[in-house]
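Have a look at the structure below before the remarks.
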Amino acid sequence: MIEFDLEVDASGLMCPLPLLRLKKALQQLLAGHIVKIIATDPAAHLDIGVYTEQTGHEIVDFVREGDKQIFLIKKN
């Protein structure tokens with residue numbers, strides 16, 4: 001697994017809260033740092049995917065473990 005600088009557990013939260021938590025976490029990081037976000041919202045991959053495309057951040061890894069979606073996102 002890729003190393004990360006900050007972890008955000010947004011399990012149990014529904015849209016738009018996982019995305020808002022991700023945005024807040026990215027504000028705390030420097031460019032090139034990686035945030036790990038865990039979400040159980042079934043639509044999280046859509047929201048986070050669109051957000052990263054629009055902002056230039058990069059999803060460097062994505063896995064599903066049961067009902068969890070785990071993203072590693074590199075700040076641009």
For the chain, with every protein chain kept in place, what is the accessible area per residue (1.4 Å probe, Å²)? 59
Residues whose modelled amide H sits under 5 Å from the amide H of residue 7, counting only those 5 or more places away in sequence or on another chain, are 36
Using a 1.4 Å probe over the heavy atoms of the protein chains, calculate the carbon and sulfur portion of the accessible area of the chain as a whole percent. 53
Just the ratio, please: alpha-carbon radius of gyration of the chain over 2.2 N^0.38 Å, N its number of residues. 0.96
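What order do 45, 57 take when sorted by accessible area (1.4 Å probe), most exposed first?
Solvent-accessible surface, decreasing: 45, 57.
The values are calculated or read from the model by the stated rules, or taken from the named source; none is laboratory data. Model, not experiment: these values are computed from the prediction. The area values use the complete protein model at the heavy-atom level, side chains included, leaving out ligands, DNA and RNA. Shrake-Rupley method; radii C 1.70, N 1.55, O 1.52, S 1.80 Å.
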